[in-house]
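Colleague: Quick one: the structure is below, and I'll ask about it shortly.
None of the figures in this text is laboratory data; all of them are computed from the coordinates on show. Quick caveat, the model's predicted, so the values are computed rather than measured. Backbone-built Cβ (ideal geometry, glycine too); neighbour counts: all protein chains shown.
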Amino acid sequence: MELTVIEAEKLKKKPDESKLGFGALFTDYMFNMDYAPDKGWHSARIEPYAPLALDPSTMFLHYAQGAFEGLKAYRTESGNIQLFRPQENFARLNRSCRRLCIPEIDAAFALEALKQLLKMEKGWVPSEPETSLYIRPTMIATDPYLGVRASHTYRFYIILSPVGAYYPEGFNPVKILVTHDYVRAVRGGVGEAKTPGNYAASILAGEKAHEAGYTQVLWLDGVERKYVEEVGSMNIFFVIDDQIVTPELNGSILPGITRDSVIKLAKHWKDSVAERKISIDELMQAHASGKLKEVFGAGTAAVISPVGEIKYGDQVITISGGKVGPVAQKYYKAITDIQYGKGEDPLGWIVQVV
Ligand code: COI
């Protein structure tokens, strides 16, 4: 497919890199592409970043038929720009699309379009430590129609945002609250798709956690409310004895790319790792017997986020003395070293842009 470029008349002022937060600033250009049944995916274009003009009846706005991705572009010390496992993001986007009845995109073309967009926007990839250019591929149903069915038309776009740390805590341990009252997703639902409704469903519990002085929620499964599933908008890992344990993918857990990277690196280094069901009771018992060494979240935005405290009912437990544990530290360093081109890339995960 052809990719046209429409030049911007005026470019924005670049932000102060030492003050970047997460997701509030956007670059000069975006990628857009449309779908219609008679044309398929068409009109691929890079054009100035601008608001979308949507009919108030646009199906996505009413029924959330859509999907998104999150990945980052990193600037290396030598000034190159690179991506971390981007093929996995476009593959997952297509899996989300299948679940949401959205026509799939050509993943190889989308990656090429993203690379071209990044070449134009390379000046927006920050160079301060722990900063990057967050990439948000987004898919929305665009029929102006209020009946509940699959839309016939779609817009796919990619926007870029220079970012620093996702949590104000940075890499310092966060406090999390186990919620029994709310669930994020259920098997058979859309929990394993990266789709907006999952995030909307998580907000109330997150707000209650904040009110109680906690950064995030620890989600239990939606059926028995017994097995641990995720933390906030991230996957979760435990170090029990000397084994790294993460909940197995069961249909309601998001198959995170950082999650998969931790598992693959652990296997590569022959660190003991298991994907299995883990109940909250097992976790509390492991803590009581001194076997729960570490807990950490894993996701693209925060990479590895150590957990220093968990509140479950009336019990409050402190993990790793409230400090960053060695396993979280090791995987954070290994993954970020690969991403920023500071360390070897043993599993061939880096894709060069420029
Ligand atoms: C992540 O990258 O960990 C996320 O899913 C957070 C994102 C929705 C901002």
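Colleague: For Lys14 and Tyr167, FRET efficiency with R0 = 30 Å and r from the beta-carbon atoms, rounded to 0.05? Can you show the working numbers first?
Modeller: Numbers: r = 24 Å, r/R0 = 0.80.
Using R0 = 30 Å, I get an efficiency of 0.80.
Colleague: Ok, one more. When a/c is below 1.5 the answer is rounded, else prolate if a/b is larger than b/c, else oblate, so apply that to the range 85-228 with a ≥ b ≥ c taken from the square roots of the Cα gyration tensor eigenvalues. Walk me through the intermediate numbers first.
Modeller: Numbers: a/c = 2.25, a/b = 1.16, b/c = 1.94.
Cα axes put the range 85-228 in the oblate bin.
Colleague: Right, another one. Looking at Val228, Val186, Pro247, which one has the Cα that reaches farthest to the positive end of the dipole of the range 171-253 (charges on Cβ: Lys, Arg +1; Asp, Glu -1)?
Modeller: Sorting the options by dipole projection puts first Val186.
Colleague: For the chain, what is the mean residue ellipticity at 222 nm derived from helices alone (per DSSP H run of n ≥ 4: -39500 (n - 2.57); sum divided by total residues; nearest 500 deg cm²/dmol)? Numbers along the way, then the final one.
Modeller: Details: 7 runs with 85 residues, N = 354.
It comes out at -7500 deg cm²/dmol, rounded to the nearest 500.
Colleague: Taking 0.36 nm per intervening residue step and subtracting the Cα-Cα distance, what contour gain separates Cys101 from Ile203 on full extension?
Modeller: Numbers: separation 102, 0.36 × 102 = 36.72 nm, distance 2.50 nm.
That pair, Cys101 and Ile203, stretches by 34.2 nm at full extension.
Colleague: Would you mind checking Lys175/Lys330; Lys208/Lys333; Lys14/Lys72; Lys311/Lys342; Lys291/Lys333; Lys72/Lys264 for any pair whose Cα atoms are more than 27 angstrom apart?
Modeller: Details: Lys175/Lys330 21 Å; Lys208/Lys333 32 Å; Lys14/Lys72 18 Å; Lys311/Lys342 37 Å; Lys291/Lys333 24 Å; Lys72/Lys264 19 Å.
Among Lys175/Lys330; Lys208/Lys333; Lys14/Lys72; Lys311/Lys342; Lys291/Lys333; Lys72/Lys264, the Cα-Cα distance tops 27 Å for Lys208/Lys333; Lys311/Lys342.
Colleague: With an 8 Å Cα cut-off and a minimum separation of 6 or more residues, compute the relative contact order for the chain in percent.
Modeller: Working: 738 pairs, mean separation 65.9, N = 354.
Relative contact order, the chain: 19 percent.
Colleague: OK, next. If I model a spin label as a point 7 Å beyond the Cα along the Cα-Cβ vector, how far apart are those points for His268 and Asp242 in nm?
Modeller: Going from the His268 label point to the Asp242 one covers 2.2 nm.
Colleague: Sort the following peptides by mean Cβ neighbour count (other Cβ atoms within 10 Å, averaged over residues), highest first: 251-258, 298-305, 7-14.
Modeller: Numbers: 251-258: 21.1, 298-305: 24.4, 7-14: 10.0.
The peptides rank, most packed first, as 298-305, 251-258, 7-14.
Colleague: Give me the mean projected area, in nm² to one decimal, of the convex hull enclosing the Cα positions of the range 223-287.
Modeller: On the way: hull surface 18.1 nm².
Projected over every direction and averaged, the Cα hull of the range 223-287 covers 4.5 nm².
Colleague: What size of dipole, in debye to the nearest 20, comes out for the range 104-229 about its Cα centre when the only charges are +1 on Lys and Arg C-beta atoms and -1 on Asp and Glu C-beta atoms?
Modeller: Numbers: 13 positive and 15 negative charges, 30 e Å.
So the dipole magnitude of the range 104-229 works out to roughly 140 debye.
Colleague: Pop a pseudo-label 7 angstrom from the Cα along the beta-carbon direction at both Gln329 and Ile317 and give the gap in nm to one decimal.
Modeller: For the pair Gln329/Ile317, the computed spacing is 2.2 nm.
Colleague: Now a separate question. Note down the nm distance, to one decimal, between modelled labels 7 Å out along Cα→Cβ at Leu111 and at His62.
Modeller: A separation of 3.8 nm, rounded to one decimal place.
Colleague: Report the convex hull volume per residue for the range 200-337, counting only C-alpha atoms, in Å³. Don't jump to the answer; show the numbers that get you there.
Modeller: On the way: hull volume 15.2 nm³, N = 138.
Each residue corresponds to 110 Å³ of Cα convex hull volume.
Colleague: For a test of the definition: using alpha carbon positions, the gyration tensor, and the 1.5 limit on a/c, classify the range 138-194 as rounded, prolate or oblate. Before the final figure, lay out the partial values.
Modeller: Values: a/c = 3.70, a/b = 1.46, b/c = 2.53.
Oblate is the answer for the range 138-194, as a/c is 1.5 or above yet b/c matches or exceeds a/b.
Colleague: Quick check for me: using +1 on Lys/Arg Cβ and -1 on Asp/Glu Cβ, what's the dipole size of the chain about its Cα centre, in debye to the nearest 20?
Modeller: Numbers: 40 positive and 43 negative charges, 36 e Å.
Roughly 180 debye for the chain.
Colleague: Right, here's the next one. If r is the Cβ-Cβ distance from Ala91 to Gln285 and R0 is 30 Å, what FRET efficiency results, to the nearest 0.05? Intermediate values should be presented prior to the final figure.
Modeller: Values: r = 38 Å, r/R0 = 1.25.
Plugging the Cβ-Cβ distance into 1/(1 + (r/R0)^6) gives 0.20.
Colleague: If packing is taken as the mean number of other Cβ atoms within 10 Å per residue, what is the order of 50-58, 240-248, highest first? List each step's numbers first, then the result.
Modeller: Working: 50-58: 10.9, 240-248: 17.8.
Descending mean neighbour count gives 240-248, 50-58.
Colleague: Place a point 7 Å from the Cα of His152 along the Cα-to-Cβ direction; which residues of the range 97-136 have their backbone N under 13 Å from it?
Modeller: It comes to no residues whatsoever.
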